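The values are calculated or read from the model by the stated rules, or taken from the named source; none is laboratory data. All of these numbers come straight from a predicted model, not from anything done at the bench. Cβ placement follows ideal geometry from the backbone for every residue including glycine, while neighbour counts extend to all protein chains displayed.
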Amino acid sequence: MNVKIYKDAKSIGEAAATIFAAQVIAKPDSVLGLATGSSPIPTYSRMIEMYKEGIVDFSKVTTFNLDEYISLGHDHPQSYYYFMQENLFKGINVPVENIHVPSGTAEDIDAEGKHYDEMIANAGGIDVQILGIGNNGHIAFNEPCDNFPMGTHKVALTESTIEANTRFFENSDEVPRWAISMGIGSIMKARKIILVATGSAKADAVYGMVKGPVTPECPASILQMHPDVTVFADEAAAAKL
């Protein structure tokens, strides 16, 4: 696990976007794994700038997002599909048919999860996956529990995650209680992983991920077992390392 500490989120975004750009320049038909939340926004902003500057062309890229709220359709302003459109896809040239986000409105969520994993495998697997980390150490929506979930699956959100996501809704009652999420096994199949962590609220989680025991009680700790992980943290998030 390679930990890089930066002064602020903008510097992290520039560094992480450079990795994505280098990947796509070297392999134009790359498969990119994407995340939502505030952490990757600076990365996406820089990716848009690099596209507009003619540095990188995303026209042959395929993307897979980590997760989606159950019950929210793609046109819902708080859905993760909508988030990706607003924060990345409107600004670059990934073909709409190459954009994949799990369906939170599928009639059979278990079947949707299996189908999603099959699509990733059929695309050749994820070349570079970006992750954030929750205050409780979760990655994607894999919450602390007694095992590492393998495939894409339905998950009940913890109260701490619901509280953290309330800022995107009118109130906590509007936050969905369930999500569909790539499992730990799905994430670990990515050939390269980038994790972005900013802010003092993430300091305990970052410490547990990097220096704690590998345990599903801190899901991100499994990344210690991956052969190619780069952690981009600001000074506040890295304060306890």
Conditions (1) under 23 Å from Tyr116 (Cβ atoms); (2) surrounded by fewer than 21 Cβ atoms within 10 Å (Cβ to Cβ): number failed by Phe64: (2)
Filtered residues of the range 209-225 (kept if closer than 20 Å to Leu66 by Cβ and either under 16 Å from the mean Cα position of the chain (by Cα) or in a helix (DSSP H, G or I) (or both)): Met209, Pro219, Ala220, Ser221, Ile222, Leu223, Gln224, Met225
Within the range 1-43, tally of residues that are more than 25 Å from Met225 (Cα to Cα), among the β-branched types (Val, Ile, Thr) and not in a helix (DSSP H, G or I): 0
Every residue from the range 226-241 that is part of a loop (DSSP other than H, G, I, E, B) and closer than 16 Å to Ile194 by Cβ: His226, Pro227, Asp228, Ala237, Ala238
Single condition Ala203 does not satisfy, out of (1) under 13 Å from the mean Cα position of the chain (by Cα); (2) without any contact (Cβ under 8 Å) to a residue 60 or more places away in the chain: (1)
Residue within the range 91-101 that is free of Cβ contacts under 8 Å to residues at least 40 places away in the same chain, assigned to a helix (DSSP H, G or I), small (Gly, Ala, Ser) and out of contact with any strand residue (DSSP E or B) (no Cβ under 9 Å at 6 or more places or on another chain) present: no
Where Phe58 falls short, out of the listed (1) within 14 Å of Ile194 (Cβ to Cβ); (2) among the aromatic types (Phe, Trp, Tyr); (3) part of a loop (DSSP other than H, G, I, E, B): (1)
Looking only at the range 152-207, and only at residues there that are small (Gly, Ala, Ser) and not in a helix (DSSP H, G or I), the one that is farthest from Ala16 (Cα to Cα): Ala156
Residue within the range 113-133 that is closer than 15 Å to Tyr80 by Cβ, modelled with pLDDT under 95 and assigned to a loop (DSSP other than H, G, I, E, B) present: no
